[in-house]
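So the structure is just underneath, and the comments pick up after that.
The values are calculated or read from the model by the stated rules, or taken from the named source; none is laboratory data. These numbers were taken from a predicted model, which means no experiment stands behind them. Note that each Cβ is placed from the backbone with ideal geometry, even for glycine, and that neighbours are counted across all protein chains shown.
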Amino acid sequence: MILLAINILIIISIIALIAYIPIFLGKFSKRSTEKYITFECGINLDSFTRKPFAVRFFLLIVLFIVFDVEIILIFIVPVIIPRSPLVIIFLSLFIILLLVGIFYEWKEGSLNWKL
């Protein structure tokens, strides 16, 4: 029983030591204004003016995510659900829906890279 209490005390001490080491080391670092300004993807916010963002690129990203998730579903469904005619019909309709969607986006011109 005493050995268990000693082991628990050692573990708590190690956890406390690991938790407080960054606090002690942080006190010795130099404080400057550079550390306290907000950092957004390497952009200096002092000289940053908002530039217009093309909605076409946003739409392309959304399309990529939607079709990427759907393709993952195509690979997962046959593994999870055993082979049956219902699964084959579901996947066939799913692939047809994907093709209709991609052809619609292609015809609409959303997949063109020309601005």
Qualifying residue in the stretch 70-89 (condition: at pLDDT below 75 and not in a helix (DSSP H, G or I)): no
Failed item in (1) part of a helix (DSSP H, G or I); (2) charged (D, E, K, R); (3) modelled with pLDDT under 70, with residue 56 passing the rest: (3)
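Does residue 24 satisfy the condition of being at negative phi and modelled with pLDDT of 70 or more? Break it down into steps so the answer makes sense when it comes.
Values: at negative phi: yes; modelled with pLDDT of 70 or more: yes.
In short, yes.
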Selection within the stretch 80-115 - of a type in the set (D, E, K, R) and under 27 Å from residue 57 (Cβ atoms): 105, 107, 108, 114
